[in-house]
Protein chains: 2
Amino acid sequence: MTVLKAYCQDKIQLIEGYLKKYLEAEGQYPPLLYEAMAYSLFAGGKRLRPILLMAAADAVGGRGDQFLPVASGMEMIHTYSLIHDDLPAMDNDDYRRGKLTNHKVYGDGIAILAGDGLLTAAFSVMLSQENVEPAVLCQVVREISVAAGPRGMVGGQVVDLASEGKMLDEETLKWMHAAKTGALFRASIRSGAILAGADSEQLQQLTEYAEQFGLAFQITDDILDVVGSQEKIGKSVGSDQRNDKATYVSLYALDGARSKADAAVANALKALEPFGAQADILRKILLYLTTREE
Amino acid sequence: MTVLKAYCQDKIQLIEGYLKKYLEAEGQYPPLLYEAMAYSLFAGGKRLRPILLMAAADAVGGRGDQFLPVASGMEMIHTYSLIHDDLPAMDNDDYRRGKLTNHKVYGDGIAILAGDGLLTAAFSVMLSQENVEPAVLCQVVREISVAAGPRGMVGGQVVDLASEGKMLDEETLKWMHAAKTGALFRASIRSGAILAGADSEQLQQLTEYAEQFGLAFQITDDILDVVGSQEKIGKSVGSDQRNDKATYVSLYALDGARSKADAAVANALKALEPFGAQADILRKILLYLTTREE
């Protein structure tokens, strides 16, 4: 098993264990709501955001596994966003990761509420984080809420929704992705670093890594949407194209998109240089995700 | 002008001023999202939750107007819940307070996102509260997120949605209202008290006030839904009955519901006794809302 795979398996076990215990301790009433939340929370996600948070803490010499509540809250926020994005009023997707989407199983009303519940509960989970100065915890959770909110993920989704059938210019497309996907990656990585006591220079370098990572990740996603196959990625291939959505591929064609992704990867690796071997996991995650074929 | 009216006008001006300044400072991009959020945020709400928060702070000898960020965050959470509750997948209401509902103006997708944006931004607004110990702020915001989440408001809405066409038993009906409406009232009042430094006895008394207040408020609402008139309350009268929803009136008939409301009011007033004149506003709010005819 590769070092990265072992690291991820270990962290995924911790995150999923934490989330399961949290849901159990909640009492799970009303059962329908908890069932709907659990359905999407345990639908086979990569747990990328919490893993990035923990790996960023490790990179500055901390111990990422001490920040499970904040890390798990990031996964709850990510999961809520998928549930709402899939709704008929948004992207109208029936399948995700090869499984029926939340609203196809529970109906639109419960799916909206399962998303609302996960988003709201993410904040109680994150604010239950111990062994961190309360002032630092307030700062971190506030930064996460900004990243997930109107100036971040929600704003990005609005631009995405409003741009169907239109070709966006490069600036708007970049803003959209930086907001919709990038902001939460950035907040994950910065949160891990801040929680673990990063100094301002380390934080600046990891922020640059995070932004280049987000860009590379999104371009790769757009490329895979075109060249992937339905079996491999578990959702309808070319769905972005069918909905006439602007993507890096529609803007720059495949070759242009590929060279932009390569440049972002190079910039991200450069930002990690000062951290030496402690940032190996962050390097491996980046390379794995941007060279994946599914 | 009555003392209560003057108090409320003063606080409403502060809250709305704060919310306007907050939205302006945000940059308001994407404009469609900020327009949709502002549409519901300034649709003529009573600002009851932030006023209760401030009045509870006053009741324990603090100054409620020092806690505008947390108070305004409560209003943002309340507003998001109205937007989502009105959606076709939920209560399917076209009008609220005499105005078209958010999704009737902006469409379901943007309405869902405007709600998501308000909910998420509420946490960044609340966590920007200054002049409070960070540990206390973490505690208060965490309690608010629990009250707004699956064990509180979201859970109550799930039970409400799942109960259409069914008669609920008293226990379930009480749980539903305590969760859907009561939890946010309770969190508002407790937050104001905690932020202003209430001791544990004061907090216990105000918690009892809050719970009885919530009960009295909801029963009054159910009664008004039956006896009110469309012009007066600005929404379709009897809509709860038409949807076959369980209410205190459907369970106990009008007279039974009225005597239950009276008992709750008496209990709430009793809980305020130790506070003397400092709790006058909390008394007046209770009596005003439970004797209103619209």
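The values are calculated or read from the model by the stated rules, or taken from the named source; none is laboratory data. On a predicted model such as this, the values are computed, not experimentally measured, just so you know. Glycine also receives a Cβ, built like all others from the backbone with ideal geometry; neighbour counts cover every protein chain displayed. Keep in mind that these areas ignore ligands, DNA and RNA; they rest on the heavy atoms of the full protein, side chains included. Shrake-Rupley method; radii C 1.70, N 1.55, O 1.52, S 1.80 Å.
When A:PRO31 is tested against the conditions (1) under 21 Å from the mean Cα position of the chain (by Cα); (2) open to solvent by 10 Å² or more (accessible area, probe 1.4 Å), the lone failure is (1). Going through (1) buried (at least 24 other Cβ atoms within 10 Å of the Cβ); (2) away from chain A (no Cβ under 14 Å); (3) not in a helix (DSSP H, G or I) one by one, B:ALA198 falls short only on (1). Filtered by the rule that a residue be touching a Ser or Thr at 6+ places or on another chain (Cβ under 9 Å) and either open to solvent by less than 60 Å² (accessible area, probe 1.4 Å) or closer than 18 Å to B:GLU211 by Cβ (or both), the range B:269-294 gives B:ALA271, B:LEU289, B:THR290, B:ARG292. For the range A:91-109, a tally of residues being within 11 Å of chain B (Cβ to nearest Cβ), closer than 20 Å to A:VAL154 by Cα and at pLDDT 95 or above returns 4. Exactly one residue among B:ASP116, B:ASP94, B:ASP58, B:ASP86 is touching a helix residue (DSSP H, G or I) at 6+ places or on another chain (Cβ under 9 Å) and closer than 30 Å to B:SER200 by Cβ, and that residue is B:ASP58. The residues in the range A:11-28 that are under 20 Å from A:ARG63 (Cβ atoms) and either open to solvent by less than 50 Å² (accessible area, probe 1.4 Å) or in contact (Cβ under 8 Å) with a residue 24 or more places away in the chain (or both) can be counted, and the count is 8. Restricting the range A:110-163 to residues that are among the polar types (S, T, N, Q) and buried (at least 22 other Cβ atoms within 10 Å of the Cβ) leaves a set whose member that is farthest from the other protein chains (Cβ to nearest Cβ) is A:GLN129. Does the range B:216-251 hold any residues that are surrounded by fewer than 14 Cβ atoms within 10 Å (Cβ to Cβ) and at pLDDT below 70, and which are they? Within the range B:216-251, B:SER229, B:GLN230, B:GLU231, B:LYS232, B:SER236, B:GLY238, B:ARG242, B:ASN243, B:ASP244 qualify. Scanning the range A:202-231 for residues that are in contact with a Leu (Cβ under 6 Å, 6 or more places away or on another chain) and not in a helix (DSSP H, G or I) yields a total of 0.
Within the range B:34-71, the set of residues being open to solvent by 10 Å² or more (accessible area, probe 1.4 Å), within 12 Å of chain A (Cβ to nearest Cβ) and not acidic (Asp, Glu) comprises B:ALA38, B:PRO69.
Residue-level check: of (1) under 15 Å from the mean Cα position of the chain (by Cα); (2) in a helix (DSSP H, G or I), A:LYS46 misses just (2).
Here A:SER81 qualifies as closer than 16 Å to B:ALA114 by Cβ, surrounded by 21 or more Cβ atoms within 10 Å (Cβ to Cβ) and hydroxyl-bearing (Ser, Thr, Tyr).
For the range A:132-161, enumerate the residues that are without any contact (Cβ under 8 Å) to a residue 24 or more places away in the chain, touching a Leu at 6+ places or on another chain (Cβ under 6 Å) and either more than 19 Å from B:GLN28 (Cα to Cα) or part of a helix (DSSP H, G or I) (or both). The answer is A:CYS138, A:ARG142, A:VAL154, A:VAL158.
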